[in-house]
1. Can you tell me how many residues in region 26-68 are in contact with a Ser or Thr (Cβ under 9 Å, 6 or more places away or on another chain), outside any helix (DSSP H, G or I) and modelled with pLDDT under 75?
2. Mind checking which pairs have a first residue in region 85-114 that is loosely packed, with under 13 Cβ neighbours inside 10 Å and a second that is aromatic (Phe, Trp, Tyr), Cβ under 8 Å, 6 or more apart or different chains?
3. What about ILE91, is it closer than 30 Å to ASP107 by Cα, of a type in the set (A, V, I, L, M, F, W, C), modelled with pLDDT of 85 or more and touching a strand residue (DSSP E or B) at 6+ places or on another chain (Cβ under 6 Å)?
4. Please determine whether any residue of region 60-74 is over 22 Å from the mean Cα position of the chain (by Cα) and touching a residue at least 24 places away in the same chain (Cβ under 8 Å).
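The values are calculated or read from the model by the stated rules, or taken from the named source; none is laboratory data. All values reported here derive from a predicted model rather than from experimental measurement. Note: ideal-geometry Cβ built from the backbone for every residue, glycine included; neighbour counts use all protein chains shown.
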Amino acid sequence: MFTNLFLQLLILATLAASLSAFAAPDKLAIAPPAPRPRPSLEIPTQKIDINKATAQELATVKGFSASQIKGLLSYRKFKGDFKSFDDLRGIKGFKRITAKRLKDIEDQLVIGSS
């Protein structure tokens, strides 16, 4: 009888030890997920010349859509260099743009000569 009780206690102790490994979070080998990189929200510090910029350079301007860039390049090809930012209002995609959004775009650009 004593041997039977001893064996039962030994089995319970072994079970408890093996189960404690699952219950103790410090013993689990699960690593926390790696932090996701956040997209850069910075506006380029160097202004882009609207009369010389390529499509790739214009794509870095926050607030430009692909269709606006296409219209801007088309305007430059057929009508020449921009004289002022008011010329943007003649391009499809800029006609209904808000004043604040246009100002944000202008802050990233400069009008140079060719």
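1. Selection size over region 26-68: 1.
2. As it stands, the answer is GLY90/TYR75, since those pairs meet every condition given.
3. Numbers: closer than 30 Å to ASP107 by Cα: yes; of a type in the set (A, V, I, L, M, F, W, C): yes; modelled with pLDDT of 85 or more: yes; touching a strand residue (DSSP E or B) at 6+ places or on another chain (Cβ under 6 Å): no.
Answer is no for this residue.
4. Quick first cut of region 60-74, residues over 22 Å from the mean Cα position of the chain (by Cα) only: 70-74.
So of that shortlist, the ones also touching a residue at least 24 places away in the same chain (Cβ under 8 Å) come out as none.
Within region 60-74, not a single residue is over 22 Å from the mean Cα position of the chain (by Cα) and touching a residue at least 24 places away in the same chain (Cβ under 8 Å).
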